[in-house]
Protein chains: 2
Amino acid sequence: MNVAVIGANGGIGRELVQRLADAGHDPIGVVRDEAQFETIRERGGEPRLGDLEGEFATALEGADAVVFTAGAGGDTGWDKTLMIDLWGARRTIDACVEQGIDRFVMISSIQASNPLAAPEAIRPYLVAKRSADDYLRSTGLEATIVRPTALTDDEGTGQISVAFEHRGEDGDDIPRADVAQTVVACLETAATTGETIRLFGGETPIEQAIIPDE
Amino acid sequence: MNVAVIGANGGIGRELVQRLADAGHDPIGVVRDEAQFETIRERGGEPRLGDLEGEFATALEGADAVVFTAGAGGDTGWDKTLMIDLWGARRTIDACVEQGIDRFVMISSIQASNPLAAPEAIRPYLVAKRSADDYLRSTGLEATIVRPTALTDDEGTGQISVAFEHRGEDGDDIPRADVAQTVVACLETAATTGETIRLFGGETPIEQAIIPDE
């Protein structure tokens with residue numbers, strides 16, 4: 001599967017490019033800066049330029065699926081949260097609709113279901129993520145929304161814990177590597193289409209954990 | 001008509017409460033601070049407390065229609081744009097859906113149709129406004145979206161210029177008083193339901209200008 005990764009140089013993005021290649025897929029690593037091309041190639045991806053605030057149209061060409069894992073990050077202002085996490089996501093979604101790319105995985109966030117219930121410092125971020133998630137659901141795309149809890153840079157374990165419905169928001173932190181592996185598994189599991197999956201560290205093998213309850 | 005005005009102490013909100021009362025309606029002025037109650041009363045409105053980031057549920061009780069004209073304004077950070085202009089609008093829309101209040105007028109902004117085409121400094125604001133507008137349209141509410149150009153504090157003229165479709169974004173600045181009067185006219189004109197109206201200063205009487213083209 002040709003999978004375009006938006007935000008391929010981020011913490012989850014780098015892991016994802018590598019794991020897609022390892023699983024026999026053809027990842028397209030979309031980044032903002034040519035200086036990042038070599039890193040993408042080393043991880044088995046085809047690098048492409050795409051600027052979520054500028055030229056972006058050709059970045060998704062030939063993709064069968066798109067994963068959005070770009071984010072303004074904590075070092076920039078909330079204006080960039082609006083421009084990247086929200087508007088950049090919407091531009092990506094719109095491009096998929098226009099280009100007939102049906103399969104979409106959104107990296108969202110725990111607590112996006114209820115931003116006002118979260119600590120005040122992260123509420124604006126959750127508003128942006130939730131709004132992007134809802135916009136995605138308003139399209140006809142075959143979308144899986146993944147909402148991981150707090151992320152770590154620990155090594156992946158291949159095991160997670162998930163919650164499909166409102167069963168509380170608590171759970172162990174999760175390595176970015178396991179989030180990335182979960183995305184690969186979601187892309188390979190049609191049953192996750194239409195699902196919103198809250199994601200924690202855990203002890204269930206990923207491929208088994210992501211199968212929705214009947 | 002009982003019309004709840006969210007942001008009743010703002011520039012457009014104050015004009016709107018007065019003009020709704022003058023037209024024989026019963027405005028409910030929703031504000032964040034009891035210190036603003038007397039101003040609302042002086043303008044013929046019933047003051048109510050409503051905090052878009054806190055207690056809000058009862059603010060709309062008994063309303064037949066809601067006008068959203070709250071905004072974080074230019075003196076706060078973009079975090080407040082996310083919390084008020086976007087999430088506050090969504091909370092208001094959700095409350096209308098829950099409470100069966102069908103009629104909604106959103107005060108949006110010119111250029112919300114294409115944020116990336118606007119000057120960089122206002123793009124994040126337009127992303128928030130556009131996302132709120134789209135969320136409103138995703139509901140079943142009978143909504144009119146009003147997108148005024150640059151606002152002035154000049155006296156109202158009773159005359160405007162409008163554009164229903166993509167006929168360019170240029171036009172004269174418009175007094176807040178004329179935006180408020182346009183909202184009153186929209187509430188009284190069922191044909192504006194479902195329309196998104198770009199609004200400029202002009203020379204056509206308001207009641208005539210807002211009738212959509214066939």
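Between B:L136, B:L151, the distinction of being within 14 Å of another protein chain (Cβ to nearest Cβ) and within 29 Å of B:C96 (Cα to Cα) belongs to B:L136 only. Looking only at residues of the stretch A:84-121 that are more than 19 Å from A:D51 (Cβ to Cβ) and within 10 Å of chain B (Cβ to nearest Cβ), we find that the one that is least open to solvent (accessible area, probe 1.4 Å) is A:P115. Within the stretch B:156-174, is even one residue buried (at least 23 other Cβ atoms within 10 Å of the Cβ) and acidic (D, E)? Within the stretch B:156-174, not a single residue is buried (at least 23 other Cβ atoms within 10 Å of the Cβ) and acidic (D, E).
Pairing residues of the stretch B:87-110 that are in contact (Cβ under 8 Å) with a residue 24 or more places away in the chain with residues that are among the charged types (D, E, K, R) and assigned to a helix (DSSP H, G or I), at Cβ distances under 7 Å and at least 6 apart in sequence or on separate chains, gives B:M106/B:D133; B:S108/B:K129; B:S108/B:D133; B:S109/B:K129. Selection of helices (runs of 4 or more DSSP H) fully inside the stretch B:101-214 by the criterion of at least 2 residues being closer than 25 Å to A:L136 by Cα and of a type in the set (D, E, K, R) returns B:123-138. Checking B:D134, B:D153 one by one, the residue that is more than 14 Å from B:T81 (Cα to Cα), surrounded by fewer than 22 Cβ atoms within 10 Å (Cβ to Cβ) and touching a residue at least 60 places away in the same chain (Cβ under 8 Å) is B:D153 and no other. Here the stretch B:10-21 is the region considered, the condition is being out of contact with any Lys or Arg (no Cβ under 7 Å at 6 or more places or on another chain) and either basic (K, R) or more than 25 Å from B:G100 (Cα to Cα) (or both), and the residue that is surrounded by the fewest Cβ atoms within 10 Å (Cβ to Cβ) is B:G10. In the stretch A:68-79, the residues that are under 28 Å from A:L187 (Cβ atoms) and within 14 Å of chain B (Cβ to nearest Cβ) reach residues that are hydrophobic (A, V, I, L, M, F, W, C) and open to solvent by less than 70 Å² (accessible area, probe 1.4 Å) with C-beta atoms within less than 6 angstrom, at least six apart or across chains, in these pairs: A:A72/A:I84. Scanning the stretch B:91-109 for residues that are hydrophobic (A, V, I, L, M, F, W, C) and out of contact with any strand residue (DSSP E or B) (no Cβ under 9 Å at 6 or more places or on another chain) yields a total of 1. When each of A:A190, A:A185 is tested for being over 25 Å from A:K80 (Cα atoms), hydrophobic (A, V, I, L, M, F, W, C), at pLDDT 95 or above and open to solvent by 30 Å² or more (accessible area, probe 1.4 Å), the lone residue that passes is A:A190. A single entry from A:V179, A:V184 fulfils the requirement of being hydrophobic (A, V, I, L, M, F, W, C) and touching a strand residue (DSSP E or B) at 6+ places or on another chain (Cβ under 7 Å): A:V179.
The values are calculated or read from the model by the stated rules, or taken from the named source; none is laboratory data. Note that the structure is predicted; figures quoted are calculated from it, not measured. With ideal geometry, Cβ positions are generated from the backbone for all residues, glycine too; neighbour counts draw on all protein chains shown. Just so you know, the surface numbers come from the protein's heavy atoms only, side chains and all, with ligands and any DNA or RNA stripped out. Shrake-Rupley method; radii C 1.70, N 1.55, O 1.52, S 1.80 Å.
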